[in-house]
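Below: one structure, written as structure tokens.
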Ligand code: SER
């Protein structure tokens, strides 16, 4: 079965079971400054899992674009991707374990055609300290399902020490069978939601002798040992708890959050043991073979995988409707790293013709444009940014590698640590992201002084990039009072910009913390002092009118007809939530948005624009605050 068929079958299967099919959200989180990227299907849905009403109802299904920058260096092991699609279905306080596990099993076995004898599952072993029991309910459901499929299903504890034995269902603890955006219960910040989960694995076959050849060979093989025999293909999370100051409390509803990697489901359905061997990478790998003058993927798997994965990821980040430009900060830095790392591995394959990354990008766009129309829409931008970034780096790469070799030679003998100054030099003069220097160093058995590098960077007054790029640090998509106010202020700001600068203005992204609002919008050229003043005054004038904020649910066509602004990632016919500021003839703004917002804008204080500057070509960035005297 092709990936396209699987994606469609999955959506249909859950549609037939009462789920609304919703489009993938943008890869860039909205109003959530706690992470750089959307890395799971549930992330844009957190408010609804926590209890807000979703306009499309209590059952949703989609295929969500995800990006995990934490996996950049994992790529090359046959099963990790930075960019991937997560098939997801959700119940917001509607159906629960019984339906979820049955439907999932049915989908995988009957629709995808997987062999039930090769399916293994895990469940939560419980944790007395947080008052959550062993998940015997899921075990019973799984046992029944396996029985119906004619497969014996014994459940065992302690697989890490005793192996899988003749078991089918295994209990694991907080580390493996609890899911939240920040991991196990102990790592969750107050306010974060999560719960026990049940993972589903596929047996790629003992004949592969994976375990005997792995670094785990002295330990028993079990589904989570990562030797390569088993691969996780999906995870049903039963989100029902919220972390509090003193432990956990039950959410007001019991939710299901299922996520399954399309790449992996496709891989096992095609009876492969490698995500790169699926149709999702075929054309891309062929192109790389061609560019390298006929080198074979099977003989250079790591380099091929890095290039294929990274250029695909970069394409999706640049091609997002909130398109990211390669740069030295935040998401832009990740795109830069992806392209530069691909270029370096391209060199290893002997690809030297300048501009080659663009040719790969073109294949990615072609492969995906039917499903993700934004890639075609933003094609020009993707191709020109890819080319620019590659060229910038190609100019200095050769010299930089020479310089690196020279540095390595000197320190090889004694210190074995590349100094902060040298790392900085490679960064500043040759465009080497520090991670690249680290990687090159590791290959030679050296280390780098990253603290020293940071100091150098600060000394040179560069904006130091987000250190733990992509890691989830904060709590719940922050809905504290301060951010909610700033969120509403962002709606006022967008409308004021449109009235002062013109209707061509639309939002390109926003990032809100408790202290300030950062807002990107498209507009050519700097705003004059007068324009800034006008915008500021207009927002403050509305605040002084003490307007109410209300919401209405309608379908997308209706919202557009009423002139609502917003990032239109929604599909035709889909129901959306529109936030309206003001009433009747005093309506100031209508914007499609998930919320939350203040109920009345009287308490927004005084709106002040702190800064206005360029963010990328054709995109301006405003930093603004609300002042309370
Ligand atoms: N949130 C869960 C995961 O990412 C399931 O969707 O695994």
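The values are calculated or read from the model by the stated rules, or taken from the named source; none is laboratory data. As the structure is a prediction and not an experimental result, all values here were calculated from the model. With ideal geometry, Cβ positions are generated from the backbone for all residues, glycine too; neighbour counts draw on all protein chains shown.
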- Restricting region 582-612 to residues that are under 32 Å from the mean Cα position of the chain (by Cα) and without any contact (Cβ under 8 Å) to a residue 40 or more places away in the chain, the one surrounded by the fewest Cβ atoms within 10 Å (Cβ to Cβ) turns out to be 611
- Note on the structure: Residue hits (region 77-101; within 16 Å of residue 339 (Cα to Cα) and assigned to a loop (DSSP other than H, G, I, E, B)) are 81, 82
- Which residues, taken from region 188-207, are out of contact with any strand residue (DSSP E or B) (no Cβ under 8 Å at 6 or more places or on another chain) and over 25 Å from residue 87 (Cα atoms)? 206, 207
- Query: In this structure, does residue 239 turn out to be in contact (Cβ under 8 Å) with a residue 12 or more places away in the chain, closer than 26 Å to residue 125 by Cα, within 14 Å of the ligand (Cβ to nearest atom) and not in a strand (DSSP E or B)?
  - Reply: yes
- Query: When you scan region 250-338 for helices (runs of 4 or more DSSP H) that lie fully inside it, which ones turn up with 2 or more residues that are touching a strand residue (DSSP E or B) at 6+ places or on another chain (Cβ under 7 Å) and buried (at least 21 other Cβ atoms within 10 Å of the Cβ)?
  - Reply: 262-269, 301-318
- Go through (1) modelled with pLDDT of 85 or more; (2) on the phi < 0 side of the Ramachandran plot and name the single condition residue 513 misses. (1)
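Kindly indicate whether residue 98 is over 20 Å from residue 227 (Cβ atoms), within 31 Å of the chain's Cα centre (by Cα) and more than 15 Å from the ligand (Cβ to nearest atom).
yes
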- Query: Would you pick out the residues in region 192-223 that are surrounded by fewer than 17 Cβ atoms within 10 Å (Cβ to Cβ) and within 16 Å of the ligand (Cβ to nearest atom)?
  - Reply: none
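Confirm whether residue 189 is surrounded by fewer than 17 Cβ atoms within 10 Å (Cβ to Cβ), away from the ligand (no atom under 16 Å from the Cβ) and closer than 29 Å to residue 150 by Cβ. Explain how you work it out, then say what you get.
Values: surrounded by fewer than 17 Cβ atoms within 10 Å (Cβ to Cβ): yes; away from the ligand (no atom under 16 Å from the Cβ): yes; closer than 29 Å to residue 150 by Cβ: no.
It is false that residue 189 is surrounded by fewer than 17 Cβ atoms within 10 Å (Cβ to Cβ), away from the ligand (no atom under 16 Å from the Cβ) and closer than 29 Å to residue 150 by Cβ.
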- Query: Which of the residues belonging to region 10-41 are assigned to a loop (DSSP other than H, G, I, E, B), within 15 Å of the ligand (Cβ to nearest atom), within 30 Å of residue 109 (Cα to Cα) and in contact (Cβ under 8 Å) with a residue 40 or more places away in the chain?
  - Reply: 19, 22, 24, 25, 39, 40, 41
- Being surrounded by fewer than 24 Cβ atoms within 10 Å (Cβ to Cβ), within 30 Å of residue 313 (Cα to Cα) and either free of Cβ contacts under 8 Å to residues at least 40 places away in the same chain or more than 16 Å from the ligand (Cβ to nearest atom) (or both) narrows 126, 113, 93 down to just 113
- Message: I'm told residue 46 meets every condition in (1) within 14 Å of the ligand (Cβ to nearest atom); (2) crowded, with 24+ Cβ neighbours inside 10 Å except one. Can you identify the failing condition by its number?
- Response: (2)
